[in-house]
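Colleague: So that we are looking at the same thing, I have put the structure below in structure tokens.
The values are calculated or read from the model by the stated rules, or taken from the named source; none is laboratory data. These numbers come from a predicted model, not from an experiment. Cβ: placed from backbone, ideal geometry, glycine included. Neighbour counts: every protein chain shown. Each accessible area value is taken on the protein alone, full model and side chains, heavy atoms only, with ligands, DNA and RNA left out. Shrake-Rupley method; radii C 1.70, N 1.55, O 1.52, S 1.80 Å.
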Amino acid sequence: MLIDSHAHLQDPLLLPEIEEILKRAQEAGVQTIVCPGYDLESSRAAIDIAEKYPQVFAAVGIHPGNLTDLDRNVWDELADLAQHPRVVAIGEMGLDYVNGFPDKDKQQDVFRRQLELAGKMDLPVIIHNRESHADVLNMAQAIGQLPKGGVMHCFSGSAELAEEFLNLGYYISFAGPVTFKNARRLPQVAASIPTKRLLCETDSPYLSPEPYRGKRNEPARVIHVAAKLAKLLDQELEDLAPILTANTKTLFCI
Ligand code: NI
């Protein structure tokens, strides 16, 4: 039994087939799925899904790639949504410095507000970080250890960076890229994480693991990520899977 700790089931690539997707997840032994929002609308949609399907839990947040139309009402509404009983985290949030993303000051402001909201609401955070390692770490350190901690989702940094986040109380989560045939550093990084702080996810509909790289992703495929982690740690999947599941339940209080 496994948990997919990060899947965007509300994405238009997945939502029309959600019944089949959840059935395939169940058949693959994926018992629980955490569905993060990436703006207000997708956060509301995550809650709708979590209300309808008992195996799905929602997170609400603003992704750094979705910073249009942020007025004061957004923060009131996000705080309202966060109080919903099916919401287990704030996220996904963070920084993304890939070309074409919004300016860094705006990203940092939105990230900081959400870190503060998580502290106030006593919820863990789900953090996105792409090519922004130093600033994400600086901001996380400036806020300090959050009461309910959080997860570095789809981690792509070095073992040294992972250690800094582990020291701040974060879990480290890996997705499809750890399975990619041309992955060099990432498998070594994954092998350096203590198993009690390790999570697995799909980030569906993106980042399908091998042997499905490039195809639309879905939660059933988290098995391939977990199997790769087990191989890297020189463990049996049947031994690692319950640990990954217990870690996810602890983090999200589910
Ligand atoms: Ni995501």
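Colleague: So is Ser173 under 18 Å from Gly94 (Cα atoms), touching a residue at least 12 places away in the same chain (Cβ under 8 Å) and not in a strand (DSSP E or B) or not?
Modeller: no
Colleague: Of all residues in segment 111-132, which are within 16 Å of the ligand (Cβ to nearest atom) and within 21 Å of Val34 (Cβ to Cβ)?
Modeller: The answer is Phe111, Gln114, Pro124, Val125, Ile126, Ile127, His128, Asn129, Arg130.
Colleague: While we're here: Only residues in segment 64-87 that are in contact (Cβ under 8 Å) with a residue 60 or more places away in the chain count as the first member; pair them with residues that are open to solvent by less than 50 Å² (accessible area, probe 1.4 Å), Cβ under 6 angstrom, at least 6 apart or cross-chain, and list the lot.
Modeller: Pro64/Gly94; Pro64/Leu95; Pro64/Asp96; Pro64/Gln107
Colleague: Would you say Ala89 is under 21 Å from Leu199 (Cβ atoms), part of a strand (DSSP E or B) and within 16 Å of the ligand (Cβ to nearest atom)?
Modeller: It is true that Ala89 is under 21 Å from Leu199 (Cβ atoms), part of a strand (DSSP E or B) and within 16 Å of the ligand (Cβ to nearest atom).
Colleague: If you don't mind, there's one more thing I want to ask. Identify the residue in segment 121-143 that is assigned to a loop (DSSP other than H, G, I, E, B) and closer than 22 Å to Leu78 by Cα and, among all such residues, is most open to solvent (accessible area, probe 1.4 Å).
Modeller: Selected residue: Asp122.
Colleague: Among the residues of segment 133-182, count how many are of a type in the set (Asp, Glu) and within 15 Å of the ligand (Cβ to nearest atom).
Modeller: 0
Colleague: Looking only at segment 12-41, count every residue that is closer than 22 Å to Leu81 by Cα and open to solvent by less than 10 Å² (accessible area, probe 1.4 Å) and tell me the total.
Modeller: 5
Colleague: Looking for something more than 30 Å from Ala79 (Cβ to Cβ), within 16 Å of the ligand (Cβ to nearest atom), open to solvent by less than 30 Å² (accessible area, probe 1.4 Å) and in contact with a Leu (Cβ under 6 Å, 6 or more places away or on another chain) - is there at least one such residue anywhere in segment 222-232?
Modeller: Checking segment 222-232: at least one residue is more than 30 Å from Ala79 (Cβ to Cβ), within 16 Å of the ligand (Cβ to nearest atom), open to solvent by less than 30 Å² (accessible area, probe 1.4 Å) and in contact with a Leu (Cβ under 6 Å, 6 or more places away or on another chain).
Colleague: Of the residues in segment 191-233, how many are under 18 Å from Asn247 (Cα atoms) and assigned to a loop (DSSP other than H, G, I, E, B)?
Modeller: The total comes to 7.
Colleague: Can you give me the number of residues within segment 1-11 that are open to solvent by 70 Å² or more (accessible area, probe 1.4 Å) and out of contact with any Ser or Thr (no Cβ under 7 Å at 6 or more places or on another chain)?
Modeller: Summing the residues that are open to solvent by 70 Å² or more (accessible area, probe 1.4 Å) and out of contact with any Ser or Thr (no Cβ under 7 Å at 6 or more places or on another chain) in segment 1-11 gives 0.
Colleague: Mind listing just one residue for me: the one in segment 144-164 that is part of a helix (DSSP H, G or I) and in contact with a helix residue (DSSP H, G or I) (Cβ under 7 Å, 6 or more places away or on another chain) and, of those, least open to solvent (accessible area, probe 1.4 Å)?
Modeller: Ranking the candidates gives Ala162 first.
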